[in-house]
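I have a structure I would like to understand better, so I am pasting it below and will then ask my questions one at a time.
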Amino acid sequence: MPQEKDIFSFTEKKKRFQTDVYWVHFTGNEVEEILKYYNINLKNNILYIGTSPDYQWLFGQMIQELQLCRPRYDELISLQLRNIFVLISRAIMSAKKFSSTSEKEVAFAMHYFRKNYNTEISIEEYSESRELSNCWFIQCFKEITGSSPQQYILKLRISNAQSLLENTEYTITEIANMVGYTNSLYFSRLFHKYIGMSPKEYRKVKLKENLRE
């Protein structure tokens, strides 16, 4: 991937019909080899790789890192760019029909859930808002992701709770609220069920591991 000395620049431009256009410019000694590795043909000026909201989210994260210039931001931008390359390569290799309604809707839902996992989400109300059959949506989501929408949201909540327990000093009640649970006891039971230990025990274990390092 591009090294620390390499140059990144980004442009975001709104056009008519609410189309978002993004550019990313990057340099490096191994650019051609990297693009070849990800099956990106330099002779093709245009590649159709679908409408997944993941691309927009990743570009947004890259732009944010460039604007804030926090420690090691250039390294993180390189990883995010590699993530985009992986998505492009996956689309090319699998030749997926991203225009299909089911894949579009599931991709949109995953993006929505990632942004709103800590709020109360009714799958039925979400389906209605997208003018979809609730049963159809749940079935498509499970077929494509391997999880039901509720299980997917739960995984997001537990994963973010783990990060907060490891990296912050928030109380268990505060963390429960931050990931979408008003009842900390219910949150603790769910956490124990899926992680195998209580939030308090998990924090102690991670603290010991960090001290050993």
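Yes or no: Glu124 open to solvent by 90 Å² or more (accessible area, probe 1.4 Å) and within 25 Å of Gln56 (Cα to Cα)?
Considered against the rule, which asks whether it is open to solvent by 90 Å² or more (accessible area, probe 1.4 Å) and within 25 Å of Gln56 (Cα to Cα), Glu124 comes out as no.
If a residue has to be open to solvent by 70 Å² or more (accessible area, probe 1.4 Å) and closer than 22 Å to Lys36 by Cα to count, how many in the stretch 53-75 make the cut?
Qualifying residue count, the stretch 53-75: 1.
Any residue at all in the stretch 172-185 that's closer than 20 Å to Arg114 by Cβ and without any contact (Cβ under 8 Å) to a residue 12 or more places away in the chain?
yes
When you scan the stretch 44-55, do you find a residue that is modelled with pLDDT of 85 or more and farther than 26 Å from Met110 by Cα, even just one?
Within the stretch 44-55, none of the residues are modelled with pLDDT of 85 or more and farther than 26 Å from Met110 by Cα.
If you don't mind, there's one more thing I want to ask. Is it the case that Ser100 is open to solvent by less than 60 Å² (accessible area, probe 1.4 Å) and either acidic (Asp, Glu) or at pLDDT 95 or above (or both)?
Spelling it out, it is not the case that Ser100 is open to solvent by less than 60 Å² (accessible area, probe 1.4 Å) and either acidic (Asp, Glu) or at pLDDT 95 or above (or both).
Spot the failing condition for Tyr186; the list is (1) touching a strand residue (DSSP E or B) at 6+ places or on another chain (Cβ under 8 Å); (2) open to solvent by 30 Å² or more (accessible area, probe 1.4 Å), and only one is missed.
(1) is the only condition that Tyr186 fails.
Name the single residue that is farthest from Ile158 (Cα to Cα) among those in the stretch 104-114 being open to solvent by 60 Å² or more (accessible area, probe 1.4 Å) and not basic (Lys, Arg).
In this case the residue turns out to be Phe108.
Report whether or not Tyr117 is closer than 27 Å to Gly60 by Cα, crowded, with 17+ Cβ neighbours inside 10 Å and touching a residue at least 60 places away in the same chain (Cβ under 8 Å).
So Tyr117 fits the description; yes.
Could you look through the stretch 170-183, keep only residues that are under 24 Å from the mean Cα position of the chain (by Cα) and among the hydroxyl-bearing types (Ser, Thr, Tyr), and pick out the one that is surrounded by the fewest Cβ atoms within 10 Å (Cβ to Cβ)?
The selected residue is Tyr170.
Just for helices (runs of 4 or more DSSP H) wholly inside the stretch 56-171: which have at least 2 residues that are over 28 Å from Phe191 (Cα atoms) and basic (Lys, Arg)?
Output list reads 73-94.
A further question on this structure: Could you check the stretch 136-169 and list, in sequence order, the residues that are closer than 16 Å to Phe108 by Cα and open to solvent by less than 50 Å² (accessible area, probe 1.4 Å)?
Those that are closer than 16 Å to Phe108 by Cα and open to solvent by less than 50 Å² (accessible area, probe 1.4 Å): Phe137, Cys140, Phe141, Thr145, Ser147, Ser148, Pro149, Tyr152, Ile153, Leu156.
The values are calculated or read from the model by the stated rules, or taken from the named source; none is laboratory data. Owing to the predicted nature of the structure, the values given are computational and were not obtained by experimental measurement. Cβ atoms come from the backbone with ideal geometry, glycine included; neighbour counts cover every protein chain shown. Areas reflect the complete protein model, heavy atoms only, side chains present, ligands, DNA and RNA absent. Shrake-Rupley method; radii C 1.70, N 1.55, O 1.52, S 1.80 Å.
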